[in-house]
1. Could you run through the stretch 60-80 and say how many residues are over 18 Å from residue 143 (Cβ atoms) and exposed (fewer than 15 other Cβ atoms within 10 Å of the Cβ)?
2. Go through the stretch 14-37 and give me each residue that's near the ligand (Cβ under 10 Å from one of its atoms) and in contact with a strand residue (DSSP E or B) (Cβ under 9 Å, 6 or more places away or on another chain).
3. Return the total of residues in the stretch 60-80 being farther than 22 Å from residue 147 by Cβ and more than 16 Å from the ligand (Cβ to nearest atom).
4. Do you know which of the residues in the stretch 126-147 that are exposed (fewer than 15 other Cβ atoms within 10 Å of the Cβ) and away from the ligand (no atom under 16 Å from the Cβ) is nearest to residue 101 (Cα to Cα)?
5. Select from the stretch 1-48 the residues that are closer than 23 Å to residue 106 by Cα and part of a loop (DSSP other than H, G, I, E, B) and list them in ascending order.
6. Filter the stretch 42-58 down to the residues that are within 16 Å of the ligand (Cβ to nearest atom) and loosely packed, with under 14 Cβ neighbours inside 10 Å and list them by number.
7. Condition test on residue 17, is it buried (at least 19 other Cβ atoms within 10 Å of the Cβ) and within 30 Å of residue 112 (Cα to Cα)?
8. Cβ-Cβ distance below 6 Å, separation of 6 or more or different chains: which pairs start in the stretch 81-110 with a residue that is within 9 Å of the ligand (Cβ to nearest atom) and end on one that is at pLDDT below 95?
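The values are calculated or read from the model by the stated rules, or taken from the named source; none is laboratory data. These numbers were taken from a predicted model, which means no experiment stands behind them. Here the Cβ is made from the backbone with ideal geometry for all residues, glycine too, and neighbour counts use every protein chain on show.
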Ligand code: DQA
């Protein structure tokens, strides 16, 4: 039976500025604090949490490819602006065939029209949008629930 779940958190462009960027929309928690807290929660739940943030599309894609070799069980991805533009990230996620949850800090449906379309949502396990950084924790909780159940069955 598997006893450690490997989760990769992928954060797209400009999310390195979390905490200082448009705080009225994205809040004032820094990315480093968010990941630190996710690490703490993960440890308690037998999850090994890996994280990549990049402003470059190809770096995100390379890390999604590597996720297969690194035996990542689940991906939490906030593709940021690439959500609305990147067929390449969509193809990478299809290629590795790792289940993923799409997270957005803001409610992409209540903002500019161009943010309402995502190239990933229809191939995701689910989308969390508009719950602030809590969305990342909800995604983690869902993964923990789902995979514990799955692995205990084996
Ligand atoms: C975002 C929403 C995107 O539209 C935007 O480009 C981002 C962040 C969010 O987390 O709300 O950079 O993905």
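1. Residues meeting the conditions: 4.
2. 15, 18
3. Summing the residues that are farther than 22 Å from residue 147 by Cβ and more than 16 Å from the ligand (Cβ to nearest atom) in the stretch 60-80 gives 2.
4. Per the stated criteria, the residue is 141.
5. 12, 13, 14, 18, 19, 20, 21, 22, 27, 28, 29, 30
6. Passing the criteria: only 56.
7. So residue 17 does not fit the description; no.
8. Filtered contacts from the stretch 81-110: no entries.
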